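Have a look at the structure below, then the notes.
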Amino acid sequence: MPIALIDGNNFYVSCERVFNPKLEGRPVVVLSNNDGCAVARSNEVKALGVKMGTPWFQMQDLARQHGITALSSNYALYADMSNRMMSVLSQYSPDQEIYSIDECFLGLDGFENYDLVIHAQAMRSQVRRWVGIPVCVGIAETKTLSKLANHCAKKSLAGADGVCDLTRLSETERSRLLATIEVGEVWGIGPRLSKQLADRGIHSVEALRRADPKTIRREFSVVVERTVLELNAIPCLSIENVASAKQQIMSSRSLGNYVYDLAPLKEAVATYVAIAAEKLRAQGSVAGMIQVYIRTNPHKEDCPQYSKGLTIPLPEPSGDTLYLTRAALWGLRRIYRPGFAYQKAGIVLMNLSDATNKQASLFCTHRENDRLMEVIDRANAIWGRGTLRSAATGVSKSWVMKREKMSPQYTTHWEQLPVAI
Amino acid sequence: MACGVLTPRGQPSGHGGPVFPEAGVIHVPGCPLLARPVPAGFPSPATDYVETRLSLDKHLVEHEDATFFVRVQGNSMVGFGIHDGDLLVVDRSRDPGDRSVVIAVVDGQFMVKQACRVPEGVLLRSSGPGHGDILVGPEQELAVWGVVRWAIHPVS
């Protein structure tokens, strides 16, 4: 059955342009948390040779020369625009898997009598019109191939006008096209695997497609074997309509400034626990372990370096923010060393299980604050995250990340609506 | 959150099974049914007539995914009943007709104007003191960002 992958073009930049049309046709980057690196680039910026992840401070000269506009990540805006886009696309198939903030798969089983390219063009124009986001569509027999088809649509390979349907190509045309694409473009083939494949003479997608799956399995893994099969139009990955509950929940940020003392680190860690625990409860899970870690900036080689994490098994799985915070802060006190400039802290909730099947322990001494947690989650859903929080998260927040260039949250705050004269 | 708890009518709960056995107790968000405990005595004669309470959100927002709110600044559209500070409900999914009030993008700026087809192109009309009309000729591209469906104006 054919599968479509729909992907928003330079999604964060496109979201910004919907509300700030002056940015249209101009070079724009969106920076990561803390205004660190480029996480989205407009085509104009890509044309200047700026790579994904380039630190903002390295672009300063280029930015001045070409008038690059840099914006902080406005996640509230991107999340709302993503929900709108996904909702529009869900009208085009009952089988939708939302894969990330800016891309989703649509299963097109039963659409055999449709002209899929026309169907895909209708999706593109409706999303563009309703939400304002330009998207590209790739269509093929498997998820891996539809990702590749999407790449072709973006790069206008195979004469694509924002849509590339690989199922329309003859075998010879397909070979010729895939031979021109580097193996690193394949979904799941990262830089390290690309290099290892190149060492075995596999440079193009076509070469990987022609490789013997059994040999690949022996020399790499069953995952890469599956990729080879998928490239040969043999579906191994199905559309997952319901997002499976996460096995781990992480929450970490770069700290706004370098942090030296334990007190602000404790506030940061407590805040990350609160964010992760809220997600934990939202998916109906409890955590059996919590990991806490802190580190200095590895790029500042002249400064003393320190990096340490500690995993704390919990006597009883929990979804209670206060309990998890106590455990994380206990761990933090054990790994903290004075005299270092800390740049990042984070926590990971692990060994997640279903909250309803929680096993009570014989020696359990703590009671879950289920009702309190429910009240916290509901209050924060209504009045904004952090309205009700534990005092451990602090009030000074000297460590919060920098988002100095952030655009208004046009769709989620009444006082920040776009203005018309 | 408005929740209804569905239990079988005419049967005291705890005896016969739920209406939908596989689901047990069903929470229906936004469902107006029996949000209160069922009276044990004489049943309310109105329960068969309960309807969803009117929602302004549903009334004003026809296409949720395509609807955005925009704030008005200035009095260029007073003649159309659109005042400084009003809240506009803008639907991007609608086709602008002749004389629709729209959000137009002029030199990268959002403007609320009435779009009128004229032989020379499209005339973006204002109707406030000291505000002229703008003619967008056929050689210029007129970007209509969305159609203004409602202007919400506070009265007291």
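Annotations
- For A:E44, neighbours were defined as the other residues whose beta-carbon sits under 11 Å from its Cβ, and their charges (Lys and Arg +1, Asp and Glu -1) total +2.
- Share of alpha-carbon pairs per 20 Å distance bin for chain A, given as whole %: 21, 51, 27, 1
- Measuring only protein heavy atoms, the 1.4 Å probe finds A:V183 accessible over about 10 Å².
- Charge dipole of the protein assembly as shown (Cα centre as origin; +1 on each Lys and Arg Cβ, -1 on each Asp and Glu Cβ, all else neutral): 1820 debye, rounded to the nearest 20.
- Springs join every pair of Cα atoms under 10 Å in this Gaussian network model of chain A, and among A:G107, A:G256, A:G384 the largest mean-square fluctuation is at A:G384.
- Accessible surface buried by the B/A pair amounts to about 2200 Å², both sides summed, 1.4 Å probe.
- Taking the protein heavy atoms of the range B:64-152 in the context of the full set of protein chains, the accessible area attributed to carbon and sulfur is 48 percent at 1.4 Å.
- Taken residue by residue and averaged, Cβ atoms of other chains lying within 10 Å of the Cβ of A:210-221 number 0.
- Residues of the protein assembly as shown: accessible area per residue with a 1.4 Å probe, Å²: 53
- Segment A:K195..A:N113, full-extension length gain: 25.3 nm, with 0.36 nm per residue of separation and the alpha-carbon distance subtracted.
- Overall shape of the range B:64-152 was characterised from the C-alpha gyration tensor. The equivalent ellipsoid obtained from it has semi-axes of 19, 16, 11 Å, in decreasing order.
- Note on B:106-119: average number of Cβ atoms from other chains within 10 Å of each residue's Cβ is 2.
- Positive contributions from Lys and Arg (+1) and negative ones from Asp and Glu (-1), summed over other residues with Cβ under 14 Å from the Cβ of A:E112, come out at -3.
- Exposure ranking of A:T215, A:T412, A:T393 by accessible area [1.4 Å probe, largest first]: A:T412, A:T215, A:T393
- By a 1.4 Å probe calculation restricted to protein chains, A:K344 has an accessible surface near 50 Å², given to the nearest 10.
- Listed pairs A:K22/A:K154; A:K266/A:K308; A:K155/A:K195; A:K405/B:K113 exceeding 25 Å between Cα atoms: A:K405/B:K113
- The Kirkwood hydrodynamic radius of the range A:73-226, based on inverse pair distances between different Cα atoms, is 16.9 Å.
- With all protein chains in place and ligands, DNA and RNA left out, the 1.4 Å accessible area ranks A:Y342, B:Y49 as B:Y49, A:Y342, largest first.
- Screening chain A for whole DSSP H helices of 18 Å or more along their axis (Cα) with average Kyte-Doolittle hydropathy at least 0.0 returns A:75-89, A:262-282, A:321-335.
- Taken residue by residue and averaged, Cβ atoms of other chains lying within 10 Å of the Cβ of A:18-29 number 2.
- Taking A:M81, A:M289 and ordering them by how much accessible surface each has at a 1.4 Å probe, largest first, produces A:M289, A:M81.
- Cross-link partners of A:K279 among aspartates and glutamates, defined as those whose alpha carbon lies under 14 angstrom from its own and excluding same-chain residues fewer than eight positions apart: A:D320, A:D354, A:E374, A:D377.
- Whole-Hz ³J(HN,Hα) from phi, Karplus 6.51 cos²θ - 1.76 cosθ + 1.60, for the range B:52-57, glycine and proline x: 5, 5, 5, 10, 5, 4
- Exposure of A:E173 as accessible area (Å², to 10), given a probe of 1.4 Å and all protein chains: 90
- Relative contact order, percent, chain A [alpha-carbon distance under 8 Å, six or more residues apart]: 17
- Using the Cα coordinates of the range B:39-115, the gyration tensor eigenvalues translate into equivalent-ellipsoid semi-axes of 41, 14, 11 Å, sorted from longest to shortest.
- Net +/- balance of residues flanking B:I152 in space, Cβ distance below 11 Å, scoring K and R +1, D and E -1: +1
- The range B:75-146-the range A:283-336 distance, computed between alpha-carbon centres (Å): 55
The values are calculated or read from the model by the stated rules, or taken from the named source; none is laboratory data. Note that the coordinates shown come from a computational prediction; the quantities given were computed from them, not determined experimentally. All Cβ positions, glycine included, derive from the backbone under ideal geometry; neighbour counts span all protein chains shown. Please note that ligands, DNA and RNA were not included when accessible areas were found on the heavy atoms of the full protein model with its side chains. Shrake-Rupley method; radii C 1.70, N 1.55, O 1.52, S 1.80 Å.
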